[in-house]
Amino acid sequence: MRDDDLKIYLFVKDKLKSGVQIIAFGETNHGSHDTVFRELFDGENLFKGIFLELSNDYQSSIDFFLQNGNFDEKLERTIAGALKEGKNIRNNLELILFFARRNKIPVICIDSSKTQNNEYQTKSEHGYFFLKGKSRNEDMFNIVFETINKVTGKWLIIGGSQHIKYGIHFRSNDETLGSRLNVILKNKFFNISLYNVSDFTATEIFNVRDHQFDGYILHKLERSEFL
């Protein structure tokens, strides 16, 4: 690991040493922060497992990769479909899953189901999901909460920033996953938003968990016309 790549890894390691149980990375653009995860996964394994904001009906596909080291047909179709929409999620998924496979840790899909089944019956009013509870945030929270109560240790969450952040989700108007975890874990939960702004010349970490933005990041965002 190069010296200039140590920042994210050491930052996360320091947080975990301070008593944090769950660190959550919230992406503003799904699958576009390969550099961050490459740096994080380049050192020793810090985690008991990874929670991934992926529909839980992909769990068997994720387990297949962890066992065999390659994507099954279902995930290949999903990756191809995302690419047609201009989203290259292959590299991001491979980074996460190869890291988990190398370290023999589980990757758990926490999002609601995209297919109706015995557990997920209610059609979501906001998108193509079937819910077990009242919202995707509730469904994701319940999986995380049940898992960490069964399997102690440090966990990583990777998902969209709108679910990871504190507050109310802009579409469903319910408490976010981040808010729900903050209520039960308090300072044992730490969330980080990853901004994808072209004006940034290096990977930088900002504390945007307070109500007011740091002046420096605000200046950067304004220069990038990122509103």
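The values are calculated or read from the model by the stated rules, or taken from the named source; none is laboratory data. Since the model is a prediction, treat every value here as computed from it, not as a measurement. So basically every Cβ, Gly included, is an ideal-geometry build from the backbone, and we count neighbours across all protein chains shown. In case anyone asks, the SASA skips ligands and DNA or RNA and just uses the protein heavy atoms, side chains included. Shrake-Rupley method; radii C 1.70, N 1.55, O 1.52, S 1.80 Å.
Yes/no matrix, rows are residues, columns are (1) open to solvent by less than 50 Å² (accessible area, probe 1.4 Å); (2) free of Cβ contacts under 8 Å to residues at least 60 places away in the same chain; (3) farther than 22 Å from Thr152 by Cα:
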position	(1), (2), (3)
Lys7	no, no, yes
Lys13	no, yes, no
Gly26	yes, no, yes
His33	yes, no, yes
Phe64	no, yes, yes
Lys74	no, yes, yes
Lys87	no, yes, yes
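Taking Tyr166, is it touching a Leu at 6+ places or on another chain (Cβ under 8 Å), surrounded by 14 or more Cβ atoms within 10 Å (Cβ to Cβ) and in a loop (DSSP other than H, G, I, E, B)?
Answer is no for this residue.
Yes or no, residue by residue, for (1) closer than 27 Å to Val20 by Cβ; (2) not aromatic (Phe, Trp, Tyr); (3) not in a helix (DSSP H, G or I):
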{"residue": "Ile79", "(1), (2), (3)": "no, yes, no"}
{"residue": "Ala82", "(1), (2), (3)": "no, yes, no"}
{"residue": "Leu97", "(1), (2), (3)": "yes, yes, no"}
{"residue": "Ala100", "(1), (2), (3)": "yes, yes, no"}
{"residue": "Thr152", "(1), (2), (3)": "yes, yes, yes"}
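Can you tell me which residue in region 113-141 is surrounded by the fewest Cβ atoms within 10 Å (Cβ to Cβ), limited to those that are polar (S, T, N, Q) and in a strand (DSSP E or B)?
Filtering first and then ranking leaves Thr122.
Looking at Phe51 and the list (1) in a strand (DSSP E or B); (2) open to solvent by 40 Å² or more (accessible area, probe 1.4 Å); (3) not aliphatic (A, V, I, L, M), which single condition is not satisfied?
(2)
Quick check: is even one residue across region 105-112 in a helix (DSSP H, G or I) and either open to solvent by 50 Å² or more (accessible area, probe 1.4 Å) or under 22 Å from Thr35 (Cα atoms) (or both)?
Within region 105-112, not a single residue is in a helix (DSSP H, G or I) and either open to solvent by 50 Å² or more (accessible area, probe 1.4 Å) or under 22 Å from Thr35 (Cα atoms) (or both).
All but one of (1) open to solvent by 60 Å² or more (accessible area, probe 1.4 Å); (2) touching a helix residue (DSSP H, G or I) at 6+ places or on another chain (Cβ under 6 Å); (3) assigned to a loop (DSSP other than H, G, I, E, B) hold for Asn45; state the number of the condition that does not hold.
(1)
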